[in-house]
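For reference, the structure is listed below as structure tokens.
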Ligand code: IMP
């Protein structure tokens with residue numbers, strides 16, 4: 001049996017989508033376990049280029065069952081649109097199932113996300129504005145609406161009646177915004193539920209049947225562990241646990257069933273939104289190279305189109321990510337982006353006044369003050385994109401990757417050197 005979690009191990013956008021697309025060839029069940037349409041996975045395969053926000057990247061493989069798990073928050077309109085686009089391009093969606101336990105992102109969540117961000121002014125978090133935080137907050141305060149509720153007229157009406165009154169008070173009195181009509185919202189969400197009725201189900205039996213039959217299962221992460229609500233750079237985080245523990249919680253698969261945790265790291269670092277970023281590069285030539293503007297790898301957020309902040313690989317944060325998630329295997333993506341760099345830096349420690357820190361501090365004001373301690377390696381200054389085996393890579397590129405593994409303390413599993421399926425090198429067995 002193999003249950004493998006593939007998690008983003010930095011601040012998101014590590015290139016998880018195209019790895020899942022590849023690994024879905026080996027897995028027979030792919031479960032998306034957290035986040036919502038704040039995520040954006042770009043998948044490039046023989047069928048074309050796809051941008052997915054909610055649908056698991058295993059959807060392109062006809063033999064694979066795909067599940068959107070209980071830990072995901074779902075904007076039904078976005079999901080319906082995504083499914084429609086996939087169907088229009090000939091993708092079979094009959095093996096996609098949506099957990100009836102997953103929470104719904106309602107229109108007031110999206111409104112409140114944006115209104116709260118505006119109200120934060122200079123202290124804004126830089127959320128994606130998709131209603132993610134307010135939806136998770138309602139789930140925790142037990143006033144959420146779940147996908148299964150959309151299929152039960154009476155439950156939906158009762159839940160909505162209770163919640164909407166409070167939301168409307170907040171919207172009108174606190175933010176001077178327009179209230180939402182109970183009648184219209186009810187009918188709209190009932191209709192959305194009907195449109196998704198074939199997909200919404202109790203996914204627990206599907207998952208446990210797969211476990212019983214020893215079917216390889218891939219748990220597909222979204223965002224990255226440095227955005228984790230408990231362990232990330234709080235408050236500049238998302239509202240869910242994107243790591244290995246979240247993979248178990250959000251899918252309903254017990255921690256003892258997990259066989260491997262693959263941490264996906266870019267060969268450098270990026271971040272969208274606000275928050276600390278010790279190895280961030282100032283605007284200039286090096287940052288421009290890392291951003292790869294105008295190429296398939298352009299560092300622009302898949303979901304919001306925002307320009308990503310870029311910087312060197314941060315081994316302090318990476319080691320922390322490995323430790324708190326039990327990452328045993330590394331996937332290093334976008335190594336080719338460094339092909340033209342004459343010198344490449346790795347942050348191996350933080351300096352705070354006279355002290356050297358091995359672990360990232362929790363307090364943002366302290367993290368903002370740390371200075372990265374860099375180790376510098378010579379660049380390989382030659383293209384890597386046509387390599388098909390690890391040993392095809394320039395020696396200096398191999399040395400760089402080996403050094404990252406050594407610094408963070410996990411074995412190498414995958415290296416990717418381009419967006420195509422064949423540009424992903426499997427260094428060690430995953431399933
Ligand atoms: P939220 O998840 O929309 O609430 O945004 C909270 C923070 O997480 C912001 O800094 C976002 O930019 C960041 N974030 C959320 N989802 C992603 C993602 O998929 N990739 C990268 N950053 C993300």
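Provide the gained length on full extension for the span residue 182 to residue 304, in nm with one decimal, where the gain is 0.36 nm per separating residue minus the Cα-Cα distance.
40.9 nm
For 352, 407, 290, what ranking results if the residue with the fewest other Cβ atoms within 10 Å of its Cβ goes first?
The order, fewest Cβ neighbours first, is 352, 407, 290.
Can you sort 11, 312 by how many other beta carbons sit within 10 Å, fewest first?
Lowest count first: 312, 11.
If the elastic network links every pair of Cα atoms under 10 Å, which of 402, 244, 410 fluctuates the most in the Gaussian network model of the chain?
Among 402, 244, 410, the largest GNM mean-square fluctuation belongs to 402.
Based on the Kirkwood radius over alpha-carbon pairs, what value in µm²/s does the Stokes-Einstein equation return for the translational diffusion coefficient of segment 231-308 at 10 °C and 1.306 mPa s?
Calculated translational D: 105 µm²/s.
If each residue of separation counts as 0.36 nm, what is the full-extension length gain between residue 428 and residue 63 once their alpha-carbon separation is subtracted?
Length difference between fully extended and current span is 129.0 nm.
Using Cα-Cα distances under 8 Å and only pairs 6 or more residues apart, what relative contact order does segment 1-144 have, in percent?
20 percent
Rounding to the nearest 10 and keeping the result within 0 to 90°, find how far the Cα-based axis of helix 315-325 lies from the longest principal axis of the chain.
Taking the Cα atoms of the chain, the angle to 315-325 is about 50 degrees.
Quick one: compute the contact order of the chain, relative version, from alpha carbon pairs under 8 angstrom and 6+ residues apart, as a percent.
Reported as a whole number, the value is 20 percent.
On a 0 to 90° scale, report how tilted helix 395-408 is relative to the longest principal axis of the chain, with both axes built from alpha carbons and the result rounded to the nearest 10.
So the helix axis and the longest Cα principal axis differ by about 60 degrees.
From the Cα gyration tensor of segment 255-362, with a ≥ b ≥ c the square roots of its eigenvalues, which class applies: rounded if a/c is under 1.5, or else prolate if a/b is larger than b/c, or else oblate?
In terms of gyration-tensor shape, oblate.
With the crude spin-label approximation of a point 7 Å out along Cα→Cβ, what separation in nm comes out for residue 385 versus residue 152?
Going from the residue 385 label point to the residue 152 one covers 5.3 nm.
Full extension from residue 161 to residue 406: what is 0.36 nm times the residue separation minus their Cα-Cα distance, to one decimal in nm?
This chain segment gains 82.6 nm when fully extended.
Dividing the Cα radius of gyration by the Kirkwood radius, what Rg/Rh value follows for segment 149-224?
Result for segment 149-224 is an Rg/Rh of 1.18.
Quick one: plug the Kirkwood hydrodynamic radius of segment 364-409 (C-alpha pairs) into Stokes-Einstein at 25 °C, 0.890 mPa s, and report D in µm²/s.
The diffusion coefficient I find is 190 µm²/s.
222 nm [θ] for the chain, helices only, -39500 (n - 2.57) per DSSP H run of 4+, per residue, to 500?
-9000 deg cm²/dmol
What share of all Cα pairs of segment 1-150, in percent, falls into each consecutive 10 Å distance bin?
Bins of 10 Å from zero give 11, 39, 34, 14, 2 percent of pairs.
Could you give the semi-axes, largest first, of the ellipsoid that matches segment 331-431, computed as the square roots of 5 times the alpha carbon gyration tensor eigenvalues and rounded to whole Å?
Listed largest to smallest, the semi-axes of segment 331-431 are 30, 16, 12 Å.
What would the Debye equation give as log₁₀ I(q)/I(0) for segment 103-195 at q = 0.23 Å⁻¹, counting only Cα atoms as equal point scatterers?
Debye intensities relative to I(0), on a log10 scale: -1.22.
Give the distance, in whole Å, between the Cα centre of segment 371-409 and the Cα centre of segment 251-323.
Here the answer is 17 Å between Cα centres.
Measuring from label point to label point, each 7 Å out along Cα→Cβ, what is the residue 89 to residue 340 span in nm?
Using points 7 Å along Cα→Cβ, the separation is 2.8 nm.
Please check: in the Gaussian network model of the chain (C-alpha springs, under 10 Å), which one of 142, 351, 188 has the largest mean-square fluctuation.
The residue that fluctuates most here is 142.
Give me the distance between the Cα centres of segment 71-118 and segment 122-178, rounded to whole Å.
Segment 71-118 and segment 122-178 have Cα centres separated by 15 Å.
Would you mind ranking 334, 139 so that the residue whose beta carbon has the fewest other beta carbons within 10 Å leads the list?
Lowest count first: 139, 334.
Restricting to Cα atoms and excluding each atom paired with itself, what does the Kirkwood estimate give for the chain in Å?
Result for the chain, one decimal place: 22.1 Å.
Which value in nm describes the separation of the simple spin-label points at residue 371 and residue 173, placed 7 Å from the Cα toward the beta carbon?
About 5.2 nm, to one decimal.
What FRET efficiency do you get for residue 356 and residue 77 if R0 is 60 Å and r is their Cβ-Cβ distance, rounded to the nearest 0.05?
0.75
Identify which of 181, 382, 260 has the largest mean-square fluctuation in a Gaussian network model of the chain, with springs joining Cα atoms closer than 10 Å.
181
Rule-based calculations on the coordinates, nothing more; no lab input. This one's a predicted model, so the numbers in the text were calculated from it and none came from an experiment. Using ideal geometry, Cβ is built from the backbone for each residue, glycine included, and neighbour counts are taken over all protein chains shown.
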